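**Student:** I'd like to ask some things about the structure below.
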Amino acid sequence: MNNLWSDVINFLSSENIWILIRACILVVVGIVIARLVSSTLIKLVSNKIDNHRLMLIKRGSYYLILILFFVSALRELGFNLTVLLGAAGVFSVAIGFASQTSASNLISGLFLVAERPFTVGDVIRVGATTGEVLTIDLLSVKLRTFDNLFVRIPNESLIKSEVTTLTRFPIRRLDILIGVAYKEDLKKVRATLDDVSNKNPLCLEEPKPLYIFQGFGESSLDIQYSVWAKREKYIDLKNSIHEEIKNAFDENEIEIPFPHRTIYTGIETKPFPVNMIGDTK
Amino acid sequence: MKEDRNNDLTWWGTFKLDIEKNKEWHIGPLKLIIKRLKNEWQIAHESADIFDSMDFSWEIKDTEEQPNIYSNNSRYILHDITGQLIVAPRLADRSIVSRPHIPFNLAANEEIVLYVSSPLWIDLNVGTTHLKSIAIQRLSDTWFGPSTLEGEFCYASTTHCRLNYDDLPRRSHKAITPVLIRNQSKTTLLLERLNLPIPLLPLYTSLSGQLWTPQITLTREKDGDMAELTINNEPPTEIDSVELVSEAREKLHDNILFRAFNTVFS
């Protein structure tokens, strides 16, 4: 016990104490400067950059400066940095192999933030999942689907696969596929469709509705009629215009046929024989 | 009941309603009933689906019909003792795209004055409290811009823009805007579509109750769809004895470059 105490006193009164104090000061100063620099940087650029990049800059600058000061403190204490770096190198290779996926997600996340195919608040579709982006985090993106479920999508799969941002552009086209009976006059059908789209106020007058004759279908003449709407009104337009087309076709006696099959009894022109069984009342 | 209005030629003005009394407006396709209660105002309206905009008429009358006969109903709680309802016309809340009957070419260094009409909104106020704004005619939405990626939402006008002042039908549910187009570029301008920034315009009335906006000047200095927009500070010279009816929805501070012509979509 006395030895320990005298060792401590010896140490405190030797040269080494100053080295230790200097090292501690370096670390403390490092923390203070790192905080100062990162918050100044944030204030300078906060107007121009979105939250994620801001966070990256803040954390990045803080840790960078902190590491610099920490390394100087270690050098001050007399550690041989080469040995440390060597050990760190081996360690990081081991960690790297273990955390391949997480590292990939992290880097994919950085690329996503830089590229900005979507931001918080956008609605995206990844594979079969459609939802609103809640947060874009380091390793994953969190979505809320329209039936209010929480979905976590790893950044890696977003980088690797196709992502559709539904809320990127202000207007959206609605494609309506209609089959009309072969007996119908296509000019009349087209005029009826144009009349319906003119009367519907949600349907944009321009870009003009697009009429495409798709082909001679099995049971009907297949037509595609595409109309444009404001993105937010897409569903309203979809509901109202389908109903209006149905009503207009009914009024103009344009038939949307059921699938047809024609059956022949051997000699084409003879009709099918039909026998009535039971009372005809 | 005594009515204090600009004149009998207009459907707007200040109207006094007694408590438990209803008044009905028919303006073009719009049917409106307003009922005053002790501390409440009720507004109900409906629009006809089919409307022939060339055959316009309006009517104001007292009525025993209740507001619930119409589908759009709203109630406003107000402690108001005067019973004065202010009905004011207002211009559209978006730009309006109109076309000449047949597109025409305006050669370099030429200019022309066109007349464009736009439908009106009704603003209902009691004292300084704004109750509701109702469109007399629901116009179709449309998109005006160089592509589907950028541009602005506008209304599509149901009428054509005209060259002759005399051809213009006078209808008190629409406001007329004179537009001076100057083509100072080196190429001919093919005018197929014209976009007008209606929310930047104030509204004036003539003695006969026809509503006008000040003249807009669109100066095309380079090839393309952009033009420098200038709005006259004074009322249009086509009418005498004007009175300001409502202010512009948005103010234009400096002359701006505005996308006014055509835009071609593929």
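**Student:** Quick one: helix A:81-98 against the long Cα principal axis of chain A, what's the angle to the nearest 10°, folded into 0 to 90?
**Tutor:** 20
**Student:** Moving on. Just report the Cα centroid separation between region A:15-35 and region B:120-146, whole Å.
**Tutor:** That distance is 68 Å.
**Student:** Now for a different question. Please check region B:133-147 for residues whose accessible area, probe 1.4 Å, is lower by 30 Å² or more when all protein chains are in place than in their chain alone.
**Tutor:** Residues shielded by partner chains are B:ARG138, B:SER140, B:ASP141, B:THR142, B:TRP143.
**Student:** So how strong a dipole does the protein assembly as shown carry about its Cα centre when Lys and Arg Cβ are +1 and Asp and Glu Cβ are -1, to the nearest 20 debye?
**Tutor:** Dipole of the protein assembly as shown, to the nearest 20 debye: 1760 debye.
**Student:** Expressed as a whole number of Å, what is the distance separating the alpha-carbon centroids of region A:220-254 and region A:116-146?
**Tutor:** First find each Cα centre; the distance between them is then 31 Å.
**Student:** With every protein chain present, what accessible area does A:ARG168 have (1.4 Å probe, heavy atoms only), rounded to the nearest 10 Å²?
**Tutor:** Rounded to the nearest 10, that gives 130 Å².
**Student:** What order do B:LEU257, A:LEU174 take when sorted by accessible area (1.4 Å probe), most exposed first?
**Tutor:** Per-residue accessible area, sorted high to low, gives B:LEU257, A:LEU174.
**Student:** Once every DSSP H run of n ≥ 4 in the protein assembly as shown is given -39500 (n - 2.57) and the sum is divided by its residues, what mean residue ellipticity at 222 nm do you get, rounded to the nearest 500 deg cm²/dmol?
**Tutor:** -8500 deg cm²/dmol
**Student:** Antiparallel versus total DSSP beta bridges in the protein assembly as shown: what percent is that, nearest 5?
**Tutor:** Taking every DSSP beta bridge within the protein assembly as shown, about 90 percent pair in antiparallel fashion.
**Student:** Sticking with this structure for a sec: To the nearest 10 square angstrom, what accessible area does B:ASP225 show with a 1.4 Å probe?
**Tutor:** Solvent-accessible area, nearest 10 Å²: 40 Å².
**Student:** I would also like to ask the following. At a 1.4 Å probe, which residues in region A:155-178 are at least 30 Å² less accessible with all protein chains present than in their chain isolated?
**Tutor:** With the partner chains in place, region A:155-178 has these residues losing at least 30 Å²: A:PHE169, A:PRO170, A:ILE171.
**Student:** Which whole number gives the average, over all residues in A:201-213, of C-beta atoms from other chains lying within 10 Å of the residue C-beta? Don't skip to the answer; put the middle values down first.
**Tutor:** Numbers: counts 8, 3, 3, 9, 11, 13, 8, 2, 0, 0, 0, 0, 0.
Neighbouring Cβ atoms belonging to other protein chains average 4 per residue here.
**Student:** May I pose another question? Could you tell me the distance between the Cα centroids of region B:68-102 and region B:196-266, to the nearest Å?
**Tutor:** 22
**Student:** Cross-link list A:LYS208/A:LYS246; A:LYS160/A:LYS208; B:LYS21/B:LYS251; A:LYS188/B:LYS31: which exceed 27 angstrom alpha carbon to alpha carbon?
**Tutor:** Numbers: A:LYS208/A:LYS246 21 Å; A:LYS160/A:LYS208 36 Å; B:LYS21/B:LYS251 38 Å; A:LYS188/B:LYS31 34 Å.
Among A:LYS208/A:LYS246; A:LYS160/A:LYS208; B:LYS21/B:LYS251; A:LYS188/B:LYS31, the Cα-Cα distance tops 27 Å for A:LYS160/A:LYS208; B:LYS21/B:LYS251; A:LYS188/B:LYS31.
**Student:** Now for a separate question. Leaving out ligands, DNA and RNA, calculate the buried accessible area for the pair B and A with a 1.4 Å probe, summed over both sides, in Å² to the nearest 100. Don't jump to the answer; show the numbers that get you there.
**Tutor:** Details: alone 13370 and 20080 Å², together 32120 Å².
Heavy-atom accessible area buried at this interface is about 1300 Å².
**Student:** Return the FRET efficiency for the residue pair A:VAL93, B:ARG99: r is the Cβ-Cβ distance, R0 is 56 Å, and the value is rounded to the nearest 0.05.
**Tutor:** Given R0 = 56 Å and the Cβ-Cβ separation, E is 0.20.
**Student:** Taking all protein chains in place and a 1.4 Å probe, what share, in percent, of the accessible surface of region A:64-192 do carbon and sulfur account for?
**Tutor:** C and S fraction of accessible area: 64 percent.
**Student:** Moving to a separate point now. Counting other Cβ atoms within 10 Å of each Cβ, which trypsin sites (Lys or Arg not before Pro) in region B:173-227 have at most 15 and sit in a DSSP loop?
**Tutor:** Numbers: sites: B:LYS174, B:ARG182, B:LYS186, B:ARG193, B:ARG220, B:LYS222; in loops: B:LYS186, B:ARG193, B:LYS222.
The qualifying sites are B:LYS186, B:LYS222.
**Student:** OK, next. Could you check the spin-label model distance between B:GLU59 and A:ASP185? Points 7 Å from the Cα along Cα→Cβ, value in nm.
**Tutor:** In this crude spin-label approximation the distance works out to 3.8 nm.
**Student:** Another question about this same structure. Measure off, as a whole percent, the carbon and sulfur share of the 1.4 Å-probe accessible area of region B:134-214, all protein chains present.
**Tutor:** In region B:134-214, the share of accessible area belonging to carbon and sulfur is 49 percent.
**Student:** When you count, for each residue, the other Cβ atoms within 10 Å and take the mean per peptide, how do B:14-27, B:82-95 rank with the highest first?
**Tutor:** B:82-95, B:14-27
**Student:** Through the Karplus equation 6.51 cos²θ - 1.76 cosθ + 1.60, θ set to phi - 60°, convert the phi angles of region B:127-133 into ³J(HN,Hα) values in whole Hz; use x for Gly and Pro.
**Tutor:** Rounded to whole hertz, the list is x, 9, 8, 7, 8, 7, 10.
The values are calculated or read from the model by the stated rules, or taken from the named source; none is laboratory data. Note that this is a predicted model, so its numbers are computed, not measured. Positions of Cβ are backbone-derived with ideal geometry, glycine not excepted, and every protein chain shown enters the neighbour counts. For the accessible areas, the whole protein counts, side chains as well, though only heavy atoms, and no ligand, DNA or RNA atoms are used. Shrake-Rupley method; radii C 1.70, N 1.55, O 1.52, S 1.80 Å.
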